[in-house]
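The values are calculated or read from the model by the stated rules, or taken from the named source; none is laboratory data. Source: prediction; values computed, not measured. No Cβ is skipped: glycine too gets one built from the backbone with ideal geometry, and neighbour counts run over all protein chains shown. With ligands, DNA and RNA removed, areas are computed over all heavy atoms of the protein, side chains included. Shrake-Rupley method; radii C 1.70, N 1.55, O 1.52, S 1.80 Å.
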Amino acid sequence: MTAAVPEVLFVCVHNAGRSQMAAALLDHHGKGSVVVRSAGSAPAETVNPAVIAVMDEIGLDLSKAFPKPLTDEAVRASDVVITMGCGDACPFYPGKRYLDWELPDPAGKGVDDVRPIRDEIERRVLTLLQELSSPIVD
């Protein structure tokens, strides 16, 4: 990472579920130590209501969140680009870290089925946060 504050971009097709949860969780746990964005290659009109509900259960309000389009600028600005297991093709730039988190899509699922997805995203976000805060040793 070259930036003093690392920048992370979460990408999925609709930016209505997994990437929204990941961005909110990283922003929450990072407490300002990470710049967080999310986007979709074909953004939906709204965030999945079950996603809003399961995030509200843990005190994170996504009711005002909205899906955003994936832009070249967002990728360029990011140190880490994480796709959410949905086969998105992101622009590739040298010097960036690309990860794919293969996760079930919450689309069409109820809160009982979305909770485990949220919990797995949170586990991965906490691991990522540890990696981002660890000093890089050559």
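Classification of the range 1-71 by its C-alpha gyration tensor yields an oblate form. The axis ratio a/c (a ≥ b ≥ c) is 1.5 or more, and b/c is at least a/b. In this Cβ point-charge picture (+1 for Lys and Arg, -1 for Asp and Glu), the chain has a dipole of about 180 debye about its Cα centre. Between the labelled values [x] 11.0; [y] 7.9; [z] 9.9, the entry that holds mean projected area of the Cα convex hull in nm² as derived from this structure is [y].
Might you report the magnitude of the Cβ-based charge dipole of the range 27-105 about its Cα centre, with Lys and Arg at +1 and Asp and Glu at -1, to the nearest 20 debye?
Numbers: 7 positive and 12 negative charges, 69 e Å.
Dipole magnitude for the range 27-105 comes out near 340 debye.
Here's the picture: charge each Lys and Arg Cβ at +1 and each Asp and Glu Cβ at -1 in the chain, and of 20, 33, 104 the one pushed furthest to the positive end of that dipole is 33.
Residues 58, 117, 52, sorted by accessible area with the largest first, give 58, 52, 117 [1.4 Å probe; ligands and nucleic acids excluded].
Per-residue ellipticity at 222 nm computed for the chain from its helices equals -11500 deg cm²/dmol, with DSSP H segments shorter than 4 residues left out and the rest contributing -39,500 (n - 2.57).
Taken as Cα centroids, the range 97-113 and the range 1-54 sit 12 Å apart, rounded to the nearest whole angstrom.
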